[in-house]
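A.B. asks: Below is the structure I would like to discuss, written out as structure tokens.
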Amino acid sequence: MNKKILILPGDYIGSEIMAEAVKVLALFKDEGEPIEWTFGHLGGAAYDAEGHPYPPSTQQAARAADAILMGAVGGPKYDALPRELRPERGILGIRKDLGLFANLRPALAYEALSAASSFKPEVIAGLDILILRELTGDIYFGEPRGRRTTADGHAEGYDTMHYSAPEVERIAHVAFQAAQKRSKRLCSVDKENVLETSRLWREVVTRVGAQYPDVALEHMYVDNAAMQLVKRPKQFDVIVTGNIFGDILSDEASMLAGSIGMLPSASLDVNNKGLYEPIHGSAPDIAGQGKANPLATLLSVAMMFKYSFDRADLSDRIEAAVQQVLDQGLRTGDIAQPGEPVIGTVAMGDAVVAALRR
Ligand code: NAD
């Protein structure tokens, strides 16, 4: 049976970068791979078409799909909408609806782009980290939360950090299994010296680790992890952490790789059904100009084949093709050095497809 892919281009540059992803899918389909795809709306585009950022038609298609490819949502056109109709609500809605609790973000430093990074080449050369962030729990969702007035009349805001043992167990399993497929090293990041939530986190991760004796587990406090990531990032392979720490550390790690236009991500459910998207936003400043770098999107397609379809071979081919076009010196504006010639979205997508054909 064909694997069903739902494509949600989203807003602004979304449809430009997604057109390049479709070229790769079409090539694989021509080669006989059992895949098919349909398109849907999410975010502002969904509001425009159907009056809601995550409308019922998209919900249905998303539930029926084996994997979802997303561009990016949001932008100035939608900034004045009421909160519940804002494009970001579409992303939160689909994540929640599909139970996407595990966010995977690789940070890879391409040698050809080392000049674009603000780090010294020797610090990042060969860097290849995978950050796993729990996506549906923690202080972002804990109750109670809100605003109140203290007894002495001051306004006060409060949130609740919260994890249950099963929530930690399921992300820990994903992390140990990811480590097994890589260099068999896992670093769990918490703040166990201060937070009860982190004490439980560390206990549970350690307990789950007993089922993966082939993976070397270490624990690190989040403040130290933030320092180590910029000091000696290559000491890490797979990092697993909670929602808020992961939010911050994964953005920090993305800077190691040089450009936002190069980084893919995956959000998985318990059955490895996933939503795949570049980490960048909808880039309204360059939308409609054919300038957007499609490589983060193509690398998201690679992640889809690896994690949802168990086809590391196709994933490796896409990654190798991306590597090849970079080695050839092809650059979109965001990854070009001053004076270097620049190509557009379509030419970059075509170059990757040509490399895939070779
Ligand atoms: P952004 O990532 O869209 O853009 C930041 C800068 O990076 C811009 O200068 C942009 O031109 C550049 N850039 C981004 N992607 C690029 C690419 N593929 N190729 C070349 N250059 C690229 O972040 P922003 O400007 O803060 O946000 C714009 C909109 O996107 C906002 O509405 C924001 O809420 C939304 N957003 C959405 C997502 C998502 O859908 N997951 C993520 C982040 C931001």
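The values are calculated or read from the model by the stated rules, or taken from the named source; none is laboratory data. All figures in this text were calculated on a predicted structure; none of them were measured in a lab. Note: ideal-geometry Cβ built from the backbone for every residue, glycine included; neighbour counts use all protein chains shown. Areas reflect the complete protein model, heavy atoms only, side chains present, ligands, DNA and RNA absent. Shrake-Rupley method; radii C 1.70, N 1.55, O 1.52, S 1.80 Å.
A.B. asks: Can you pull out the helices (runs of 4 or more DSSP H) entirely within the range 13-128 that have at least 2 residues that are touching a strand residue (DSSP E or B) at 6+ places or on another chain (Cβ under 8 Å)?
C.D. replies: The helices (runs of 4 or more DSSP H) meeting that bar are 14-30, 44-50, 56-64, 87-98.
A.B. asks: So, one more: Out of curiosity, is Asp269 under 14 Å from Pro106 (Cα atoms) and among the acidic types (Asp, Glu)?
C.D. replies: no
A.B. asks: I would also like to ask the following. Of all residues in the range 313-358 being under 15 Å from Leu25 (Cα atoms), without any contact (Cβ under 8 Å) to a residue 60 or more places away in the chain and among the small types (Gly, Ala, Ser), which is surrounded by the most Cβ atoms within 10 Å (Cβ to Cβ)?
C.D. replies: The extreme case among them is Ala321.
A.B. asks: Quick check: is even one residue across the range 75-85 in contact with a helix residue (DSSP H, G or I) (Cβ under 8 Å, 6 or more places away or on another chain), on the phi > 0 side of the Ramachandran plot and open to solvent by 10 Å² or more (accessible area, probe 1.4 Å)?
C.D. replies: Looking for residues that are in contact with a helix residue (DSSP H, G or I) (Cβ under 8 Å, 6 or more places away or on another chain), on the phi > 0 side of the Ramachandran plot and open to solvent by 10 Å² or more (accessible area, probe 1.4 Å), one finds at least one in the range 75-85, hence yes.
A.B. asks: Residues to consider are Leu217, Leu249; find the one that is surrounded by 18 or more Cβ atoms within 10 Å (Cβ to Cβ), in a strand (DSSP E or B) and in the same structural domain as Gly142 (by TED's automatic domain parsing).
C.D. replies: Leu217
A.B. asks: Tally time: how many residues in the range 191-214 are open to solvent by less than 50 Å² (accessible area, probe 1.4 Å) and under 28 Å from Lys306 (Cα atoms)?
C.D. replies: Number of matching residues: 6.
A.B. asks: Take the residues of the range 276-296 that are more than 6 Å from the ligand (Cβ to nearest atom) and assigned to a loop (DSSP other than H, G, I, E, B): which is surrounded by the most Cβ atoms within 10 Å (Cβ to Cβ)?
C.D. replies: Pro294
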